[in-house]
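Single-structure report; data block below.
Rule-based calculations on the coordinates, nothing more; no lab input. Please read these numbers as outputs of a predicted model, since none were measured by experiment. So basically every Cβ, Gly included, is an ideal-geometry build from the backbone, and we count neighbours across all protein chains shown.
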Amino acid sequence: MDIGNFWFAFGLTVFAGLSTGIGSALAFFTKKTNTKFLSASLGFSAGVMIYVSFVEILSKAGDSLKLVYGTPGGAWITVLAFFTGVFVIALIDKLIPSYENPHEVKRIEDVKMSNVYKDPRLVRMGLFTALAIAIHNFPEGIATFLAGLSEPELAVPVAIAIAIHNIPEGIAVSVPISYGTGNKKKGFLLSLVSGLAEPVGALTAFLILSVFFNSNEIPHGVFGFLFASVAGIMVFISIDELLPTAEEFGHHHYSIYGFISGMAVMALSLLLFI
């Protein structure tokens, strides 16, 4: 893992995080949620993340750990690290009340149809949703950043997948804040701030790595454990957030077509780098 790739990895993380602003913009410039587009896009993101996690990231993590601990030991530690990532993101998700969970489907027209302005209940909903998204985005930022440091060719599709996944989250924050306060700028800015948790996660990971390792290269054992944990985080996000949300928009086949397309695009990308 080359720490010299810092700016590339950090830039991708900022891009993925601030894509919540895309969702916010869609909420203001469209009258109706494009549910078919979101179903296909979220399915696509899930396909990218699941495929790359199992086929490439987990494999590379295992290779690094086997160099340090041998074949049996490295394989066991790879599995342990994978489920450590799953446990961490699952615990974060469990601690957030379902009412404020940003992955509960919210549509633009649902709030606009109420015609309620300066409603403190909507403001509270938006604020708690923004907090929930920030907490969720922190480990996602670490995952994107570590992918950018270690495997730049994989990091771009991963960042795009996470960016697509952040679009509905931007809608979930901006719409209730905008209609609760009567101020669209506040909704837009808060949606961006919630996405900033991803670059904050990236900086946290970088600072920890910098403290413990003075060289530009991180030891194989540490890299392997971190990378396998990233795979666990990404698989959980896909299964717990992306696919269910894609299904809840009501277009089952669009989400499946998107999912298969995401895997196919990721497979082709990996083949081109052979």
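Sort 155-168, 39-52 for me by packing, meaning the mean count of neighbouring Cβ atoms within 10 Å per residue, highest on top.
Working: 155-168: 24.3, 39-52: 27.1.
In decreasing order of mean packing, 155-168, 39-52 become 39-52, 155-168.
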Which order, highest average first, do 223-230, 57-64 follow once you tally other Cβ atoms within 10 Å for each residue and take the mean per peptide?
223-230, 57-64
Once the dipole of the stretch 3-272 is set up from charges on Cβ (+1 Lys and Arg, -1 Asp and Glu), the residue from the list 176, 133, 154 lying farthest towards its positive end is 176
Size-normalised alpha-carbon gyration radius of the stretch 121-234, reference 2.2 N^0.38 Å:
1.24
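By average Cβ neighbour count within 10 Å, what is the ranking of 257-267, 68-78 from highest down?
Values: 257-267: 19.7, 68-78: 15.2.
The packing order, highest mean first, is 257-267, 68-78.
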Global form of the stretch 176-274, assessed from the alpha-carbon gyration tensor, a/c cut-off 1.5
oblate
What nm distance separates the two modelled labels at residue 59 and residue 185, each placed 7 Å from Cα along Cα→Cβ?
5.1 nm
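State which entries of 94/186; 60/186; 36/185; 36/66 exceed 32 angstrom in Cα-Cα distance in the structure shown. Please list the in-between numbers first.
Details: 94/186 28 Å; 60/186 43 Å; 36/185 27 Å; 36/66 44 Å.
Cα-Cα > 32 Å for 60/186; 36/66; rest within.
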Can you give me the Kirkwood hydrodynamic radius for the stretch 218-274, using every pair of distinct Cα atoms, in Å to one decimal?
13.4 Å
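Quick one, what does Rg over Rh come out to for the stretch 3-272 if you take C-alpha atoms and the Kirkwood Rh? Present the calculation step by step, with values, prior to reporting the outcome.
Values: Rg = 18.7 Å, Rh = 18.7 Å.
My calculation of the ratio gives 1.00.
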